[in-house]
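Asker: Before anything else, here's the structure in question.
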Amino acid sequence: MNRIFLSIVSATLLLASCNPKEATFGEEDGLAAFSSDSLGKHIAELSGDDFEGRKPFTAGETKTIQYLKEKFIAAGLEPGNGESYFQEVPMVNITTDAAPVMQVKSAKGNFTLQGPDDYVLWTNKTDAAVSLNNDELVFAGYGVVAPEYNWNDYKGLDVKGKVVMVLVNDPGFNAGDTSLFKGKTMTYYGRWTYKFEEAARQGAKACLVIHNTEAASYPFTVVQNNWNASRLRLDPRGREEQLCDMIGWVSGPAAKKLLTAAGKDTTLFTSADVRGFKGTALNLGLSTSIRVKTNYNQSNNVIGKITGSKYPDETIIYTAHWDHLGIGTPDETGDSIYNGALDNASATAGLLELARGFKSLPTQPERTIVFLSVTAEEQGLWGSAYYAQNPVYPSNKTVANINMDGLNWYGKTKDVIIVGQGQSELEDYLQEEAAKVNRTITPEVHPEAGYYYRSDHFNFAKAGIPALYISSGIDVIGKESGYGKKMNDIYTEKNYHRPSDEYDAATWKLDGAIDDLQLLFRVGRRLAYGQSWPQWKAGSEFKAIREKSR
């Protein structure tokens, strides 16, 4: 009997050694490390005037990245890039001096448009000057070529060497036709970045996106901030690129003025929502110019890590961008510092809270946890793009990316919003962890804004790495229905990309931000032990990339 018992015990131990169970942890482990007071202090510091709006290539960058390095060290993080806490990102700063007017030549008579009231222009070219010289204007609908949706706005349309004018968002948006593309949910085809990329592929000399506040999800004042300002992009030297000479936006009223001069009306815009739409030349000539100055330099991503105890080559990467817009056009109060408290000092501070949470765990994570604060998000997601192209940790060994861009500033919510819902199994992990603390998942309030394509997780997704991105909930505890949405809308209208995005300890309620950070911590903690690999869901445009890399 004893021999049989010993045999059973030995067999059980042998099986256990061959099939080790995933490590366990207490549900409360690490949560006590999160502090709204600590979070608020970091936000206040990073968004203070002394940091000059945290624009790359400025004294504000130097101060910001040194601050993050010091706080990473204080939190007990190891250097995340070999022996360094920095990853250098080679970039070029392009400063433009655009002519104040655009001449329009028309059969009905010539006139001028005024910048930046009627239009905003810039260039990604590094030439000393670029210009339009009575170049033909062509309307190309939404400027979309999407074979999977059987849609081609450029079919049969010659735009080589011409100026293309296109609508923002996806086909069907302005008509409210939810049968086209993904209905109210914007795809990447709706983003202005795509419009410029496709126009360049088609050989256009310039591309103008027609602004519409609802379709763009922000007012024209947001793009006007780029008038004759400096912008950054990755250093293009040694790379082949297709670029338009000029890119920019035209206001809704100015676009209608151009239509009138061409003998058209807004029914032309309406026709772009109908399948089979064909673009048309407007028989207008545009002339203007931009003088360009360039400065090549390096910005920095900031990286810290906690090395995994069992699977150190498998990584979970938390991201938040540290940069904002720097010093720019003064607002109506004369304030010219774009502090970026919510966008994105809040989530940058959140990285520090997450680091403290993981360092406080009683058992070291089995997988490596990486805390990556990236540069130049505001300029076009360039810091995360450079990391994705030059990963410190191989993409096929990166389990997941969890990105943050703006934390909850108006109090605890019963819900949390998954941005771009339906993409990956990370959403299921989030929903399960939310249920444990009696929170629910709410659909996006503005799916038409395409937020899944507007923050740094997008570059990880393009590399095939499952990426999770959440937004603050709207069901605020103790407030009337819709309070959270109202707060978000007020921020977008009054503070987004404006000097007024400042931290106010008297009005900001960060307990909701702590709840959201703890929720994202729970997801990462779950991934940090064991060897589960979340997958992209069927229908995700990123699924095939991951399967190929793995």
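Asker: Listed residues 166, 120, 144; which is crowded, with 21+ Cβ neighbours inside 10 Å and in contact with a Cys (Cβ under 9 Å, 6 or more places away or on another chain)?
Answerer: Exactly one of 166, 120, 144 is crowded, with 21+ Cβ neighbours inside 10 Å and in contact with a Cys (Cβ under 9 Å, 6 or more places away or on another chain), namely 166.
Asker: Any residue in segment 336-347 that is under 14 Å from residue 52 (Cα atoms) sitting within a Cβ distance under 7 Å of a residue that is of a type in the set (Val, Ile, Thr) and part of a helix (DSSP H, G or I)? List the pairs, counting only those 6 or more apart or interchain.
Answerer: 341/43; 345/43
Asker: Do we have any residue at all in segment 177-187 that's without any contact (Cβ under 8 Å) to a residue 40 or more places away in the chain and within 29 Å of residue 285 (Cβ to Cβ)?
Answerer: no
Asker: Still on this structure, please answer the following. Filter segment 300-348 for residues that are closer than 10 Å to residue 499 by Cβ and assigned to a loop (DSSP other than H, G, I, E, B) and give the result.
Answerer: 325, 328, 329, 330, 331, 332, 333, 334, 335, 336, 339, 340
Asker: Would you pick out the residues in segment 224-239 that are in contact with a helix residue (DSSP H, G or I) (Cβ under 8 Å, 6 or more places away or on another chain) and among the aliphatic types (A, V, I, L, M)?
Answerer: 232, 234
Asker: Still on this structure: Assuming residue 267 fulfils every condition listed in (1) crowded, with 20+ Cβ neighbours inside 10 Å; (2) of a type in the set (Val, Ile, Thr); (3) free of Cβ contacts under 8 Å to residues at least 60 places away in the same chain apart from one, which condition is it?
Answerer: The failed condition is (1).
Asker: Also, quick follow-up: I need the full set of residues from segment 237-251 which are under 16 Å from residue 138 (Cα atoms) and surrounded by fewer than 16 Cβ atoms within 10 Å (Cβ to Cβ), in order please. Spell out the reasoning first.
Answerer: Step one: list which residues in segment 237-251 are under 16 Å from residue 138 (Cα atoms), which gives 244-250.
Correct list: empty.
Asker: Here are some residues: 292, 223, 250. Which one is more than 21 Å from residue 158 (Cα to Cα), modelled with pLDDT under 95 and not aromatic (Phe, Trp, Tyr)?
Answerer: Being more than 21 Å from residue 158 (Cα to Cα), modelled with pLDDT under 95 and not aromatic (Phe, Trp, Tyr) holds for just one of 292, 223, 250, which is 223.
Asker: Please indicate, with yes or no, whether at least one residue in segment 46-61 is farther than 30 Å from residue 498 by Cα, under 23 Å from the mean Cα position of the chain (by Cα) and touching a residue at least 24 places away in the same chain (Cβ under 8 Å). Outline the logic, then answer.
Answerer: Step one: filter segment 46-61 for residues farther than 30 Å from residue 498 by Cα, giving none.
No: segment 46-61 contains no residue that is farther than 30 Å from residue 498 by Cα, under 23 Å from the mean Cα position of the chain (by Cα) and touching a residue at least 24 places away in the same chain (Cβ under 8 Å).
Asker: Checking the condition within 22 Å of the chain's Cα centre (by Cα), of a type in the set (S, T, N, Q) and more than 27 Å from residue 28 (Cα to Cα), which residue from 395, 373, 336, 346 passes? Spell out the reasoning first.
Answerer: On the way: 373 fails: more than 27 Å from residue 28 (Cα to Cα); 336 fails: within 22 Å of the chain's Cα centre (by Cα); 346 fails: more than 27 Å from residue 28 (Cα to Cα).
Going through 395, 373, 336, 346 in turn, the sole match is 395.
Asker: Filter segment 318-347 down to the residues that are in contact with a helix residue (DSSP H, G or I) (Cβ under 7 Å, 6 or more places away or on another chain) and of a type in the set (A, V, I, L, M, F, W, C), then identify the one that is surrounded by the most Cβ atoms within 10 Å (Cβ to Cβ).
Answerer: Step by step, filter segment 318-347, then rank; the result is 322.
Asker: Which fully enclosed helices (runs of 4 or more DSSP H) of segment 415-495 have 2 or more residues being assigned by TED's automatic domain parsing to the domain that holds residue 533, closer than 22 Å to residue 314 by Cβ and under 14 Å from the mean Cα position of the chain (by Cα)?
Answerer: On the way: elements: 426-436, 457-462, 483-494.
Hits in segment 415-495: 457-462.
Asker: Run residue 59 past the list (1) within 30 Å of residue 336 (Cα to Cα); (2) crowded, with 17+ Cβ neighbours inside 10 Å; (3) of a type in the set (A, V, I, L, M, F, W, C); (4) modelled with pLDDT of 95 or more and report the number of the one that doesn't hold.
Answerer: Exception for residue 59: condition (2).
Asker: Could you list all residues from segment 252-262 that are in contact with a Leu (Cβ under 9 Å, 6 or more places away or on another chain) and either surrounded by fewer than 16 Cβ atoms within 10 Å (Cβ to Cβ) or under 16 Å from residue 166 (Cα atoms) (or both)?
Answerer: 254, 255, 257, 258, 259, 262
Asker: Of the residues 426, 342, 381, which is of a type outside the set (Ser, Thr, Tyr) and more than 30 Å from residue 248 (Cβ to Cβ)?
Answerer: Just one listed residue meets the conditions, 426.
Asker: Also, quick follow-up: May I ask you to verify whether residue 199 is within 28 Å of residue 89 (Cα to Cα) and aliphatic (A, V, I, L, M)?
Answerer: Against the criterion (within 28 Å of residue 89 (Cα to Cα) and aliphatic (A, V, I, L, M)), residue 199 qualifies.
A quick yes/no check of all residues on (1) in contact with a helix residue (DSSP H, G or I) (Cβ under 6 Å, 6 or more places away or on another chain); (2) under 30 Å from residue 281 (Cα atoms); (3) of a type in the set (S, T, N, Q); (4) assigned by TED's automatic domain parsing to the domain that holds residue 389:
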site	(1), (2), (3), (4)
26	no, no, no, no
51	yes, no, no, yes
62	no, no, yes, yes
80	no, no, no, no
91	no, no, no, no
94	no, no, no, no
107	no, yes, no, no
115	no, yes, no, no
129	no, yes, no, no
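Asker: As an exercise: evaluate residue 437 against (1) exposed (fewer than 15 other Cβ atoms within 10 Å of the Cβ); (2) closer than 30 Å to residue 54 by Cα; (3) of a type in the set (Val, Ile, Thr) and give the number of the one condition it does not meet.
Answerer: Unmet for residue 437, out of (1) exposed (fewer than 15 other Cβ atoms within 10 Å of the Cβ); (2) closer than 30 Å to residue 54 by Cα; (3) of a type in the set (Val, Ile, Thr): (2).
Asker: Does residue 285 meet the test of being more than 27 Å from residue 453 (Cβ to Cβ), exposed (fewer than 15 other Cβ atoms within 10 Å of the Cβ) and over 21 Å from the mean Cα position of the chain (by Cα)? Can you show your working first?
Answerer: Values: more than 27 Å from residue 453 (Cβ to Cβ): yes; exposed (fewer than 15 other Cβ atoms within 10 Å of the Cβ): no; over 21 Å from the mean Cα position of the chain (by Cα): yes.
No; evaluated as a whole, the condition is false for this residue.
Asker: Next up: Within segment 387-394, can one find any residue that is outside any strand (DSSP E or B), among the small types (Gly, Ala, Ser) and either touching a helix residue (DSSP H, G or I) at 6+ places or on another chain (Cβ under 6 Å) or modelled with pLDDT of 95 or more (or both)?
Answerer: Looking through segment 387-394, at least one residue is outside any strand (DSSP E or B), among the small types (Gly, Ala, Ser) and either touching a helix residue (DSSP H, G or I) at 6+ places or on another chain (Cβ under 6 Å) or modelled with pLDDT of 95 or more (or both).
Asker: Something else: So, restricting to helices (runs of 4 or more DSSP H) that lie completely within segment 139-236, which ones have at least 2 residues that are in contact with a His (Cβ under 7 Å, 6 or more places away or on another chain)?
Answerer: Hits in segment 139-236: 220-224.
Asker: From the list 500, 455, 540, which one is in contact (Cβ under 8 Å) with a residue 24 or more places away in the chain, over 27 Å from residue 335 (Cβ atoms) and hydroxyl-bearing (Ser, Thr, Tyr)?
Answerer: 540
Asker: Please go through segment 154-199 and pick out each residue that is of a type in the set (D, E, K, R) and either touching a strand residue (DSSP E or B) at 6+ places or on another chain (Cβ under 7 Å) or not assigned by TED's automatic domain parsing to the domain that holds residue 267 (or both).
Answerer: 162, 195, 198
Asker: Those residues that are under 21 Å from the mean Cα position of the chain (by Cα) and farther than 19 Å from residue 317 by Cβ, I need them from segment 504-536; list them, please.
Answerer: Scanning segment 504-536 gives a single hit, 513.
Asker: Okay, next question. Determine if segment 482-501 includes at least one residue that is farther than 22 Å from residue 350 by Cα, surrounded by fewer than 21 Cβ atoms within 10 Å (Cβ to Cβ) and of a type in the set (A, V, I, L, M, F, W, C).
Answerer: Yes: segment 482-501 contains one or more residues that are farther than 22 Å from residue 350 by Cα, surrounded by fewer than 21 Cβ atoms within 10 Å (Cβ to Cβ) and of a type in the set (A, V, I, L, M, F, W, C).
The values are calculated or read from the model by the stated rules, or taken from the named source; none is laboratory data. Fair warning: this is a prediction, and the values are worked out from it, not measured in the lab. Neighbour counts are summed over all protein chains in view; Cβ atoms, including those assigned to glycine, are modelled from backbone coordinates with ideal geometry.
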